Amino acid sequence: MALTTQNTDSQMRKSKRDALKERMATKYPDKQFEDDEALFGQIDDDYDQYDQDIARYKEHDDKLADMFTSDPRSAAFLINWRDGGDPAVELVRLFGDEIRDALDDPERQEAIAEANKEFVQKVAKEKELEEQYQSNLQESLRLIDEYESKNGLTDEQVDQAMSWLMRIVSDGVMGKFSPETIDMAMKAINHDGDVAIADREGEVRGRNAKIDERLRQRESSDGMPQLDGSNGAAGGSGRARSIFDLAEEAR
């Protein structure tokens with residue numbers, strides 16, 4: 001009975017382990033978790049990122065808490081706005097004449113004008129970026145469709161590649177760069193050079209094979225010197241070709 005319980009516990013631990021590996025593989029499809037070092041290393045990195053995110057959220061929460069404590073009306077304003085209230089109306093509702101007095105205060109006119117200028121510039125910039133984004137997106141989709149058709153790919157394959165690229169872009173915006181991603185980038189950068197080197201090596205191997213074949217043919221003959229012409233007739237060199245002559249001919 002104890003042995004059965006032990007086996008059941010072992011199977012449960014194994015199943016949880018497999019579930020964890022599957023979860024990590026789904027989250028990081030470009031990584032391999034073939035051993036404990038890779039698996040727990042990624043878990044440790046995730047915990048570090050989680051702690052950083054929690055610390056950042058806590059900092060924001062503390063700032064909001066301080067603001068709400070200093071003036072509870074700010075909390076009511078945000079809640080009413082979240083629930084669909086008009087922000088301008090809510091400002092008047094909660095702050096009354098303070099808003100009107102601030103707008104009419106001569107000493108604040110310059111600051112209010114500068115704030116409005118920043119707002120207008122921000123809206124214009126956001127509109128410009130949105131228009132540029134839509135234009136780039138349409139052109140990108142066209143190029144992706146052409147690439148998919150030219151290379152005989154499926155929509156699923158292209159979607160998988162785009163998801164991978166978007167994850168890299170998102171990580172880059174957040175300042176996250178993993179060794180695996182850098183390794184893939186280096187392989188992509190060096191790909192053309194590696195192909196060229198492989199082509200040159202293949203060409204050299206082909207030349208060497210031709211030379212070896214000619215040498216084997218000479219060795220399989222009667223051992224007599226081979227002349228360029230028949231019996232040394234006109235058109236022949238009148239001398240035996242050496243290994244250097246064969247190598248030069250093959251080249």
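Per 0.36 nm of contour for each residue apart, how much would the distance between Gln121 and Arg56 grow if the chain were fully extended, relative to their Cα-Cα spacing?
Stretched out fully, the Gln121 to Arg56 stretch lengthens by 20.5 nm.
Do me a favour and compute the ellipsoid semi-axes for the stretch 44-126 from its Cα gyration tensor, root of five times each eigenvalue, largest one first, whole Å.
Output for the stretch 44-126: semi-axes of 32, 19, 13 Å.
Under a Cβ-Cβ cut-off of 14 Å, what is the net charge of the residues other than Glu131 that fall near it, where Lys and Arg count +1 and Asp and Glu count -1?
Every neighbour counted, the sum reads -2.
Determine which lysines satisfy two conditions relative to Lys117: a Cα distance under 22 Å, and not lying fewer than 8 residues away in the same chain.
Those lysines meeting the cut-off are Lys125, Lys127.
Here, each number is a calculation from the coordinates, and none is a lab measurement. Not measured: the values here are computed from a predicted model. Neighbour counts run over all protein chains shown; Cβ positions are idealised from the backbone, glycine included.
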